[in-house]
Amino acid sequence: MTWIESTHSGRREQLGPFILGTGNIGGVAMSTGPGIGLSEDEGLALLDRAVAEGFTAFDTADAYTGGTSERVIGQWNRTHPDSSTLTQTKTGVTANGPDLDPERIRRQLANSTKTLGHVDLYLAHTTDPSTPWERSLPVFSDAVDDGRIRAYGLSNVNAIQLADALATADRLGLHRPEIVQNSYSLLDRSDDRDVLPLVTAEGLAYTPFSPLANGILAGRYSDGQRPQTGSRASTAPHAERRLGDAELMDTVRRFDTLAADHGISPAGLALAWLLNHAAVTAPIVAFSKEHHWRSVDESRAFDWDTNLDDALDTLFAIS
């Protein structure tokens, strides 16, 4: 796990074993509306619970839930001034597409810092084909230099984009991106091919999101159930395709059986796999129900059997 010094408290905290995802506070990521996600009061209670459970970092983005996610975390930060909990946010996703224009990054970082109280880790939420790294990375690096943030990173990047960013930072004498946040789970292993070898070789932190593939790896849809309105699977772009893939869902049911044979829930096993993955620093997990906490507890307590790596590689081949 990675040690990060909080820009707010000056104390050092481990980034892991889990990071709390807060994209469901006020909605579900980019979706808002009645009955979707957590209310603001529920969000504050979630942050309290996470810290009590030993979480040391909150993840959000300026684009989440119309700004509600950042605003609720900011409210929590202001009422807990002595907390060393790390605050991570992201920028670059807009209604008009990717935008990592340098001036916009500066403006959004100032806005996020004002809303959140402090920003420890700042990520480019996406890549921007119209803005080369030569223009955007200096803004992130300058923020590290003057102490506005502790470190920065990249999200939703492929290996070519990541390698280009690292080479650009080195060539320009900038601070390098230190964190990679991509989708990664037993159902989404594309990063195994080239991103994870690069992450490992360069000593970067890897903090994957969607570790349960929108609940599919939690056994919620194994018997043909459909996602409820407001669930992550009801809004996720890949969920409908996966749920309609008969061969894939048969594999998921075999995964459910494997988990049962080892005395753990499917969600617990999916998270335990990530916790015991050499390249993973800390998965990002989000909660809305009590049983979600139980799967985290299971994964932490599970005595990992290395034979499971081979069994899971057989079930879920690298795509």
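No lab work stands behind these numbers, since they all come straight from the coordinates. Since this is a predicted model, take the numbers as computed values, not measurements. Glycine also receives a Cβ, built like all others from the backbone with ideal geometry; neighbour counts cover every protein chain displayed.
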Neighbour counts of other C-beta atoms within 10 Å: give me ASP99, ASP164, ASP145 arranged from fewest to most. ASP145, ASP164, ASP99
Helical contribution to [θ] at 222 nm, DSSP H n ≥ 4, -39,500 (n - 2.57), averaged over the chain, rounded to 500: -12500 deg cm²/dmol
Quick one: order THR251, THR257, THR127 by neighbouring beta-carbon count within 10 Å, fewest to most. THR257, THR251, THR127
Using Cα centres only, tell me the gap between the range 240-304 and the range 119-181 in whole Å. 31
Neighbourhood charge, 15 Å Cβ-Cβ cut-off, centred on GLU53 and excluding it, Lys, Arg +1 and Asp, Glu -1: -1
Taking 0.36 nm per residue of sequence separation and subtracting the Cα-Cα distance, how much length would be gained by fully extending the chain between THR79 and ASP310, in nm to one decimal? 78.5 nm
Descending Cα extents along the principal axes, the chain, whole Å: 53, 43, 38
Antiparallel bridge percentage (DSSP; both residues within the chain; nearest 5): 25
Let me have the relative contact order for the chain, percent, based on Cα pairs under 8 Å that are six or more residues apart. 17
Residue-span extension gain [HIS262 to ALA246] - 0.36 nm each, minus C-alpha spacing: 3.3 nm
Just LEU116, LEU198, LEU86 to compare: in a GNM of the chain, with alpha carbon springs under 10 Å, which one fluctuates most? LEU198
Can you sort HIS125, HIS8 so the residue with the fewest Cβ neighbours within 10 Å comes first? HIS8, HIS125
Stokes-Einstein D in µm²/s, Kirkwood radius over Cα pairs - the range 71-133 at 20 °C with 1.002 mPa s viscosity: 170
Of the DSSP H helices in the chain, those whose Cα atoms cover at least 15 Å axially and whose Kyte score averages -0.5 or more: 40-52, 133-145, 159-172, 246-261
